[in-house]
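Worksheet: the structure to be examined is printed underneath.
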Amino acid sequence: MRRKAKQEGGQNVRPTFLSFQTAARALAASQAAMDVAGNNISNANTEGYTRQRIDLNAISSSGYTERYSTSRTFVDAGVEVSRISQIRDPFLDARYRRENAENGKYNTILSGLSDIENILDEASTDGLMNELNNFVSQLQALSREATSQDLALVTRTAAQKVTEILNVYAIRIEEVREQLITDLTSVVINKDFNSIVKNIASLNKQIRAEEIYGNTPNDLYDARNRLLDELSQIANIRVTVTPEKVSADKTIDRLTVSLYDSRTGVSIGLVDNDAYNTLSVNGDKVPLTISMQSSFILENTPDSVDLSDITRYFSSGAIKGYLDLINGNGVYANTAAGESSFRGTLFYTNALDTFAAKFAQVFNDLNDIDPDDTVPGGDDAPLFTSNTPGQPITARTIRVSAQWMEDPSYINTTQTPAETPGKGDNVIRMIDAMNAEHKFYKGDETPENLVFTGSFNQYVVGLIGELSLDVELHKNFSETSDAVLLDLYVKREAISGVNLDEEGINLMTFQKSYSAAARYLTVLDEAVDIIINRMGRVGI
């Protein structure tokens, strides 16, 4: 009769103490949820902390054999904590890191161009324009009294100041370039970049070990994400996560970091699990190059990539900014050979060299009143020479000639000294040459080498104007990038950051769940008390 009633009713008597397990699991899950909320609140101001959440799963009492048994009603066995996961948006992370690389590039370039602008500052200091104007003023005075030794001495001093300020400009721009090379080599690459990729690889190794044993090392994830954000400001990187099967029933995430050039689509491996590649700078070369010391190569890296020179694959990040400043040669660049056409330190050095060479050439030719050398002067003793014998005149080497330094009246004031020794017509020609239009070439005087047409003053004004425009342009780029980066940061924080109001609500919600589970446990205890202590005692 008992078996028949069981079959007809389709019910099973549930084990009494199974309900206690359900209640205990509810208490444990609610307690874990409150712990997670508390942990989030305590780390609300921790830099790089990612908000955590508790993942709950219902525990089913059904099994394989019960699928084919007589239909019966079963109550599941409660809840369990499957894991404590982080709340992140990979898409926002990728966008943030791309913009962070652009921001790093613009800020670096802006800082370097500002240093050059301070050198060529004509607004707050008496620079090259002032000395050129002073030289013209002294030539005008000399043209009125061509035989005056005092005016000849003052004119030579004015010319000497022009050469000296060109020397100072060239030396200080070279110092800026050397400092940029030192910062790129010692700080950005050796200290920052190489250390970060090494630390990411070390974290990958620790995370891999934790995940294999079934743990969720959220603190290590946060540390790695902070390093990835730092690395993204230095170079254009791509972070890829792929599943890796470590056993028949275990799969974990495999994280790789690569230097990714969106212009060419080339990926060069930086980190793969616990393996990493480092960079080094070949600073003695012009242009400067960057090479990679490789311990592994990504499968999708083209065979054509030469790891001894990966300079051209940096398209953003602070490293790109340094490369533009150090290697940028403007119109002097051989773009066919891959040289940078950015107006960096090399461009301003070459631009000043072009000016100095043309300035010396024009005045040396004007001082040569006798090209056939029938009388002393001219080419045999130019007004300007190089301080390095046998080398071309540059902004760094230009100086007043030794003959002019010894004799201030060495400057030829007239084209006909024998007939009209006091006439200043040649000085007038020099004054006119200062305002005349000249052609400035970057090499041989061929049309393709022409870089500027105009007076000496116009050349200087144009050069400084280009620099000011570049500074203003990159200032706008930097400010725009700052705004975009801040917007992405806010959006990312809205997902990954801790909201105290939300966590407070979570605390109250799970506290109520905990109280309900505790009440359930009390009810079960009362039911067991009835079963054990009161059932079967009728008539006693």
* To do: Give the residues of the stretch 220-272 that are more than 21 Å from residue 305 (Cβ to Cβ), part of a loop (DSSP other than H, G, I, E, B) and either small (Gly, Ala, Ser) or under 24 Å from the mean Cα position of the chain (by Cα) (or both), sorted by residue number.
  => 248
* Asked: From 143, 71, which residue is over 30 Å from residue 477 (Cα atoms), surrounded by 13 or more Cβ atoms within 10 Å (Cβ to Cβ) and at pLDDT below 95?
  -> 143
* Asked: Quick one: in the stretch 468-501, which of the residues that are over 29 Å from residue 434 (Cβ atoms), of a type in the set (S, T, N, Q) and surrounded by 13 or more Cβ atoms within 10 Å (Cβ to Cβ) is farthest from the chain's Cα centre (by Cα)?
  -> 499
* Structure fact -> Exactly one of 351, 318, 357 is assigned to a helix (DSSP H, G or I), open to solvent by less than 10 Å² (accessible area, probe 1.4 Å) and on the phi < 0 side of the Ramachandran plot, and that one is 351
* Asked: With respect to residue 240, is the statement that it is modelled with pLDDT of 90 or more and among the hydroxyl-bearing types (Ser, Thr, Tyr) true?
  -> yes
* Please tell me if residue 327 is surrounded by fewer than 20 Cβ atoms within 10 Å (Cβ to Cβ), among the polar types (S, T, N, Q) and at pLDDT 95 or above. => no
* Confirm whether residue 197 is in a strand (DSSP E or B), among the β-branched types (Val, Ile, Thr) and touching a helix residue (DSSP H, G or I) at 6+ places or on another chain (Cβ under 9 Å). => no
* On the given criteria, is residue 453 of a type in the set (Val, Ile, Thr) and closer than 28 Å to residue 35 by Cβ? -> no
* Considering only residues that are at pLDDT below 95 and not hydrophobic (A, V, I, L, M, F, W, C), look in the stretch 273-287 and name the one that is most open to solvent (accessible area, probe 1.4 Å). => 284
* **Positions within the stretch 206-253 being farther than 21 Å from residue 87 by Cα, touching a Gly at 6+ places or on another chain (Cβ under 9 Å) and among the polar types (S, T, N, Q), in sequence order** => 233, 236
* Extreme residue, nearest to residue 394 (Cα to Cα), among residues of the stretch 443-467 that are among the hydroxyl-bearing types (Ser, Thr, Tyr), open to solvent by less than 50 Å² (accessible area, probe 1.4 Å) and modelled with pLDDT of 95 or more -> 459
* To do: Pick out the one residue from 331, 281 that is assigned to a helix (DSSP H, G or I), within 23 Å of residue 115 (Cβ to Cβ), in contact (Cβ under 8 Å) with a residue 12 or more places away in the chain and touching a strand residue (DSSP E or B) at 6+ places or on another chain (Cβ under 9 Å).
  => 331
* Structure fact -> Of the residues in the stretch 4-23 that are open to solvent by 50 Å² or more (accessible area, probe 1.4 Å) and assigned to a helix (DSSP H, G or I), the one that is modelled with the highest pLDDT is 21
* Going by the conditions given, is residue 521 part of a helix (DSSP H, G or I), modelled with pLDDT of 90 or more and either open to solvent by 50 Å² or more (accessible area, probe 1.4 Å) or touching a strand residue (DSSP E or B) at 6+ places or on another chain (Cβ under 7 Å) (or both)? -> no
* **Per-region count, the stretch 146-158, residues under 22 Å from residue 168 (Cα atoms), open to solvent by less than 60 Å² (accessible area, probe 1.4 Å) and either at pLDDT below 95 or not charged (D, E, K, R) (or both)** => 3
* **Members of the stretch 220-248 found to be among the hydroxyl-bearing types (Ser, Thr, Tyr), open to solvent by 20 Å² or more (accessible area, probe 1.4 Å) and closer than 22 Å to residue 317 by Cα, listed by number** => 240
* Structure fact -> Of those in the stretch 370-384 that are assigned to a loop (DSSP other than H, G, I, E, B) and open to solvent by less than 40 Å² (accessible area, probe 1.4 Å), the residue modelled with the highest pLDDT is 383
* Structure fact -> Scanning the stretch 385-396 for residues that are hydroxyl-bearing (Ser, Thr, Tyr) and either over 22 Å from residue 347 (Cα atoms) or without any contact (Cβ under 8 Å) to a residue 40 or more places away in the chain (or both), the one least open to solvent (accessible area, probe 1.4 Å) turns out to be 386
* Determine whether residue 488 is among the hydrophobic types (A, V, I, L, M, F, W, C), modelled with pLDDT of 90 or more and within 30 Å of residue 333 (Cα to Cα). => no
* To do: Hey, can you tell me all the residues within the stretch 100-157 that are over 30 Å from residue 235 (Cβ atoms), assigned to a helix (DSSP H, G or I) and small (Gly, Ala, Ser)?
  => 137, 141, 143, 152
* Asked: Out of curiosity, is residue 85 of a type outside the set (Asp, Glu), in contact with an Asp or Glu (Cβ under 8 Å, 6 or more places away or on another chain) and at pLDDT below 95?
  -> yes
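The values are calculated or read from the model by the stated rules, or taken from the named source; none is laboratory data. From a predicted model like this one, the values you see are computed outputs, not experimental measurements. So basically every Cβ, Gly included, is an ideal-geometry build from the backbone, and we count neighbours across all protein chains shown. For accessibility, only protein heavy atoms count, side chains too; no ligands or nucleic acids. Shrake-Rupley method; radii C 1.70, N 1.55, O 1.52, S 1.80 Å.
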